[in-house]
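Read the figures in this text as sums done on the coordinates, not as results from a lab. Just so it is clear, the model here is predicted, and its values are computed rather than measured. Note: ideal-geometry Cβ built from the backbone for every residue, glycine included; neighbour counts use all protein chains shown.
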Amino acid sequence: LNYQTARFMISAPTLAQCPPDDGAEVAFAGRSNAGKSSAINTLTRQKALARTSRTPGRTQLINHFSLGDDTSRRLVDLPGYGFAKVPEEVKREWQRHLAEYLRGRRSLKGVVLVMDVRHPLTEFDQTLLGWADDQDMPVHILLTKADKLKSGAAKQALQQVRQRLQEWEDLVTIQLFSSLKREGVDEASARLDAWLAT
Ligand code: GTP
Ligand code: MG
């Protein structure tokens, strides 16, 4: 699939306002500031398709991007979780939305779980993996910002995460990624193809 043709469709505040639940979509989830929006821009080779920011909490709506005119193939940029400045109640509310989205969205073929390679598997990352497991929803983990570590340390981090997720190896695949260096793009695109091209 040609991800360079991706274009903005809609920002939905809730699941009910998302585009019709048909075709196939892949959602990018992960902690606030992990690099989800950057990963979407890197994969689509567009500088500012998804809004990025150094300030955590940039993405607050469920943003849908279609591949060209074909609105039946979509990438979805989700708000990050764990953003400290948001009141506890708002956080819980968003977690409820996210769980509902994972459970209820039939066109969702897979989740790209974006983690900073230096801080993998936060508590909520693990919660999300548990939800995905409940739904038999495949997850592809991008250990991003790999450019922040020396190559040996990055590989070691990858091995450690693989080991910790061994029990989920049927459902979970993992790779190193860097938006800054455009590393891991082919591997990630191949995974998206497998989910979206069917
Ligand atoms: P929220 O929308 O707030 O949940 O954040 P996000 O996960 O979408 O993160 P975003 O893509 O906005 O990136 C957060 C910050 O990390 C920005 O300053 C990016 O430039 C930086 N960043 C993202 N990916 C990489 C990467 O691969 N390497 C480096 N060095 N920085 C990155
Ligand atoms: Mg974002």
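Under a straight-distance cross-link criterion of Cα-Cα below 28 Å, which lysines are reachable from residue 148, leaving out those fewer than 8 residues away in the same chain?
36, 47, 85, 181
Per residue, what volume in Å³ does the convex hull of the Cα atoms of the range 48-106 enclose? Before the final figure, lay out the partial values.
Working: hull volume 4.4 nm³, N = 59.
Spelled out: Cα convex hull of the range 48-106, divided by residues, is 75 Å³.
Can you list the aspartates and glutamates whose alpha carbon is less than 18 Å from that of residue 91, not counting same-chain residues fewer than 8 positions off?
Excluding near neighbours in sequence, the set is 77, 100, 123, 125.
Using Cα pairs under 8 angstrom and six or more residues apart, how large is the relative contact order of the range 3-196, in percent?
24 percent
Restricting to the range 23-168, what percent of DSSP beta bridges are antiparallel, rounded to 5? The partial results should precede the final answer.
On the way: 5 of 23 bridges.
Roughly 20 percent of the beta bridges in the range 23-168 run antiparallel, per DSSP.
Based on alpha-carbon centroids, what's the gap between the range 142-168 and the range 86-104 in Å, whole number please?
Value for the Cα centre distance between the two parts: 28 Å.
Among 28-39, 60-71, 126-137, how do they line up by average Cβ neighbours within 10 Å per residue, starting with the highest?
In decreasing order of mean packing, 28-39, 60-71, 126-137 become 28-39, 60-71, 126-137.
Could you please tell me the mean projected area of the C-alpha convex hull for the range 88-198, averaged over all directions and given in square nanometres to one decimal?
Orientation-averaged projected area of the Cα hull: 7.6 nm².
Can you bin the range 3-196 into rounded, prolate or oblate? Criterion: square roots of the alpha carbon gyration tensor eigenvalues sorted a ≥ b ≥ c, rounded for a/c under 1.5, prolate for a/b above b/c, oblate for the rest.
Numbers: a/c = 1.32, a/b = 1.19, b/c = 1.11.
Here the range 3-196 falls in the rounded category.
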